[in-house]
Amino acid sequence: YPVQKVFKSNDEDGWISTPEFLHINAEGKDFSVRVDPTMVPAGQVWYAEVLAFDTELPVDQEDIHTIPLFRVPVTVIQPIVLKEGTLKQNLSFSTKQPLHRLFLSVPAGCNWMDIELRSASESAEMRELYGLQCIQLLPEKSVAYTSLKTWSRVVESVHLNVAKSVAVVENVTVEVCVSKYWNQLTDSVIDFSLNFCGVKAHKNHVVLSEAKMIKSVLVTAGPQKELLSPSGKIDKIVSVVRPKSSEIEVLQGDRDVWPLHNRPTYRLTILYDIKTNDASSLKFNFPLISKLLYEAEFEGQMQM
């Protein structure tokens with residue numbers, strides 16, 4: 001039987017647009033929902049639901065008409081865009097507002113952020129406990145595999161500044177949540193400051209050869225000036241080793257002779273002398289045959 005459904009949304013500002021009704025026959029049918037995120041102010045989270053009601057129900061059943069057949073939840077988060085990469089503001093905590101949630105857009109070129117919490121209370125005797133949580137969701141990844149998810153307990157007093165550095169991913173929204181601990185019931189005000197920083201090297205690995213022992217590395221900073229202290233270490237060394245001896249011999253086994261042409265198979269045995277004074281891991285590479293399988297056209301090879 002055909003069923004006609006009427007759509008309603010509980011948004012007051014009209015940022016969700018839905019069709020007036022949907023006529024469904026025996027098979028299912030899709031519908032479109034338009035969301036205008038530009039109407040959401042920066043730094044806020046808006047939530048609304050698209051409700052569907054069945055118009056074919058009896059009119060006398062008023063309770064059924066008030067219950068939707070299904071709901072489509074819609075959540076829009078509009079992050080704050082910081083042009084200079086810096087945010088400073090006062091956060092007030094009370095029993096009615098025990099936490100503050102900030103949604104920020106990480107500028108391009110930034111790979112960490114510095115967060116500073118400083119108590120602005122007039123009482124120098126007061127010591128309070130706050131919590132700092134940072135979450136950044138990467139595309140196509142769940143919360144369990146997010147890039148960062150940290151929770152820190154911060155004990156504050158008027159004479160103490162607490163600074164935290166958290167790694168972030170550029171061009172992805174990050175949520176910074178500052179809350180008061182559950183057993184702290186007094187009102188308080190803290191000074192909150194956040195700076196996005198970033199330093200990126202165009203090359204993470206540099207290869208030095210005997211022909212060219214000097215290499216340049218280009219470094220790009222984020223929205224602010226950064227003080228660099230470059231350092232490096234040699235973790236891998238490539239050395240060419242010549243064979244100590246070699247021997248070619250003809251294999252005489254029955255399985256080492258080609259049956260059609262009666263052609264024998266040859267074996268090349270190469271002996272290398274390798275010595276190392278320090279404890280290290282060695283990896284042997286034969287450029288000509290390392291990428292070939294044992295059933296390749298060169299009869300076969302085995303490394304020991």
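Points to keep in mind about this one:
- Test result for Val199, modelled with pLDDT of 80 or more and open to solvent by 20 Å² or more (accessible area, probe 1.4 Å): yes
- Note on the range 170-188: residues that are surrounded by 14 or more Cβ atoms within 10 Å (Cβ to Cβ) and farther than 16 Å from Gln133 by Cα total 4.
- A count restricted to the range 221-276 and to residues that are under 18 Å from Ala201 (Cα atoms) and open to solvent by less than 90 Å² (accessible area, probe 1.4 Å) stands at 6.
- Residue within the range 240-254 that is among the hydrophobic types (A, V, I, L, M, F, W, C), touching a helix residue (DSSP H, G or I) at 6+ places or on another chain (Cβ under 9 Å) and in a strand (DSSP E or B) present: yes
- Each residue in the range 32-48 was checked for being open to solvent by less than 30 Å² (accessible area, probe 1.4 Å) and either of a type in the set (Val, Ile, Thr) or closer than 13 Å to Trp15 by Cβ (or both), and 2 of them qualify.
- Which listed residue is surrounded by fewer than 10 Cβ atoms within 10 Å (Cβ to Cβ) and among the small types (Gly, Ala, Ser), from Ser290, Ser281, Ser193: Ser281
- Criterion: modelled with pLDDT under 85, touching a helix residue (DSSP H, G or I) at 6+ places or on another chain (Cβ under 9 Å) and farther than 19 Å from Ser94 by Cβ - qualifying residue of Leu138, Leu148, Leu160, Leu208: Leu138
The values are calculated or read from the model by the stated rules, or taken from the named source; none is laboratory data. No experiment lies behind these values; they were computed from the predicted model shown. For neighbour counting, all protein chains shown are included, and Cβ atoms are generated from backbone atoms with ideal geometry for every residue, glycine included. Surface accessibility is based on the protein's heavy atoms, side chains included, excluding ligands, DNA and RNA. Shrake-Rupley method; radii C 1.70, N 1.55, O 1.52, S 1.80 Å.
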